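Each value in this text was obtained by applying a stated rule to the coordinates, not by laboratory testing. All values derive from a computational prediction rather than experimental measurement. In this analysis, Cβ positions are derived from the backbone assuming ideal geometry, glycine residues included, and neighbour counts consider all displayed protein chains.
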């Protein structure tokens, strides 16, 4: 009886210890982190709001995190910087207001921490999300046609729609128009930019 | 066991023993049946989702028009059905049966425990549907939305209570090593789940702390929930089937407490190079290195118990699966520790290598052990026999070959992927093109494993159909039943096939 009880207590102790050590101590140590104020008075980071915040929900519900990271490894550890995935490593402060852990563990696709800076074209993202093989031949990223409606009449192409390149056109498909979710998602991608110079990331 | 085989009529004491065991097995029947049958159901669902996800990786146009089947939803649906449906439900069944047997008491709460099996299923249905409909959390290993806690929290509370009741009522005063692991598992997992869910989903948690909690949790689900149940089974079934005691009590003790102390701390090696404090990463690496102690200890202990007994692998399905699992445990743990080394992690992190590693753990180690346990336990609680030795063989070889191909293909692809990724002159799409054939061979592996699961499901279906039929007396009263029976079954099958 007593010995079993000791085992119970012992095992509880081990897990409480690791939770405290790995999670609660860093939480307490970095409680005071504040957004950084640049010389031009910009505060970074800012919590996302409006369409970009809704776009993050779409990013979460479509599971982009299973193929994409959002973290840049430091100089000398991998080739993240040389690949142009960022101009500096990412640090704790970059994630101050993240409501979910989207740092990711898999790079079937490239890192997206700075995709807004790297690929600022809305039309590119529309085409790529609609069918990645339009912009990136050989890509195994899944198409997301359900984020778009397709129109066939080029002369009535609405504002915000992206024309399909000639070789991808069919009689019924001349342009694609993002749904509201599609628009939010692209807004979110365009907002991803961690290039503000932070002192701790030098 | 050997003695009882030579003896046509067991001694009275022995007979009473056997009757007690049969009663205990009987008391487990409903609960274990519900948990095991559901586990097998989720294994099939999980395999199907895995196949869809795997095919999508090299045939991205496959079923791409349906949002609910997009890769980013099918993949977490696969992970969560196999972890919370298959692995956890099989684990609960094994845990309860083992604890009842080892404490020599009947399984308590005969009404409530089977009901938890139903509620657990409802939780998995709810969570999986939520993921497919887009309500998943995208927090790896915790994708079920927060309300899932209501389902699992209730079930786990009841299971803890049952476990404590058995501990207090137990008739055996020696605490066998399997028991320690079971006590650990049943307390660790609920704690992990509540703390992990809270820290990753609650508002006002710093994003970095979320990332750390995420990997503290995800790593520990394997390490402090599935691993202890798997090791408890290995510690139970290897001596049970071979009839030899565990090699060393002291090694068992050392192995358990070092696992309990070190595994906890290893999870942050998933964040090497990430935006977390350097010391947290270092702690994770040190924890991973220290894991060599319990792993080598357990490996020696199991190996020394098996020495001279390997011929049982030919006859006992339980032992085959269990030994396959136990050996994979050593392999996956050594690999895990090495992967935590910075220089190796720099290459393999973010690649298919990690996926291969995860399957070596959850599949080659844990799932094979779970199959082994079910092969032993189900005939005893249902009082019937497995219907076909060839099907068991098909199950073993199909899954064994499948996971081997899976592991080798993705490990290789992952290493190359990582090396190419770390060379900025290689265009990204070249890396994608390089991995495609390996991803296709992973689908082949998946088909093999699914075939094995189908064979197993058929066997399970039949043993449920035959429940109570072929074993009129208490489980072990016919002495010939324990292993000579297997031998006859196997040699008959051998003659048929060869």
Looking only at segment A:131-170, which residues have a backbone nitrogen under 12 Å from a spot 7 Å from the Cα of residue A:121 in the C-beta direction?
A:135-136, A:163, A:165
Quick one: Cα centre-to-centre distance for segment B:132-206 and segment B:352-392, in angstrom?
22
By how many degrees, between 0 and 90 and to the nearest 10, does the Cα long axis of helix B:292-306 differ from the longest principal axis of chain B?
30
Per its Cα gyration tensor (rounded if a/c is under 1.5, else prolate when a/b beats b/c, else oblate), chain A is best filed as prolate
What is the list of residues in segment A:69-99 whose amide nitrogen lies under 11 Å from a point 7 angstrom out from the Cα of residue A:38, following Cα to Cβ?
none
Once every DSSP H run of n ≥ 4 in chain A is given -39500 (n - 2.57) and the sum is divided by its residues, what mean residue ellipticity at 222 nm do you get, rounded to the nearest 500 deg cm²/dmol?
-9000 deg cm²/dmol
Rounded to the nearest 0.05, FRET efficiency between residue A:13 and residue B:458 (Cβ-Cβ, R0 51 Å) equals 0.70
Quick one: among A:82, A:27, A:123, which has the greatest mean-square fluctuation in a GNM of chain A with alpha-carbon springs under 10 angstrom?
A:27
Between 0 and 90°, nearest 10: helix B:177-201 axis offset from chain B longest Cα axis
30
Per-pair calculated FRET efficiency, R0 = 51 Å: residue B:338 and residue B:26 via Cβ, rounded to 0.05
0.65
If I model a spin label as a point 7 Å beyond the Cα along the Cα-Cβ vector, how far apart are those points for residue B:388 and residue A:179 in nm?
4.5
Full extension from residue A:3 to residue A:53: what is 0.36 nm times the residue separation minus their Cα-Cα distance, to one decimal in nm?
12.7 nm
Between the modelled labels at residue A:155 and residue B:133 (7 Å from Cα along Cα→Cβ) the distance in nm is 4.5
Taking R0 as 45 Å, what's the FRET efficiency between residue B:154 and residue B:307 from their Cβ-Cβ distance, rounded to 0.05?
0.50
If I fit a long axis through the Cα atoms of helix A:2-19 and take the longest principal axis of the Cα atoms of chain A, what angle between them do I get, 0 to 90°, rounded to 10?
50
For the pair residue B:412/residue B:112, report the inter-label distance in nm, with labels modelled 7 Å from Cα in the Cβ direction.
5.4
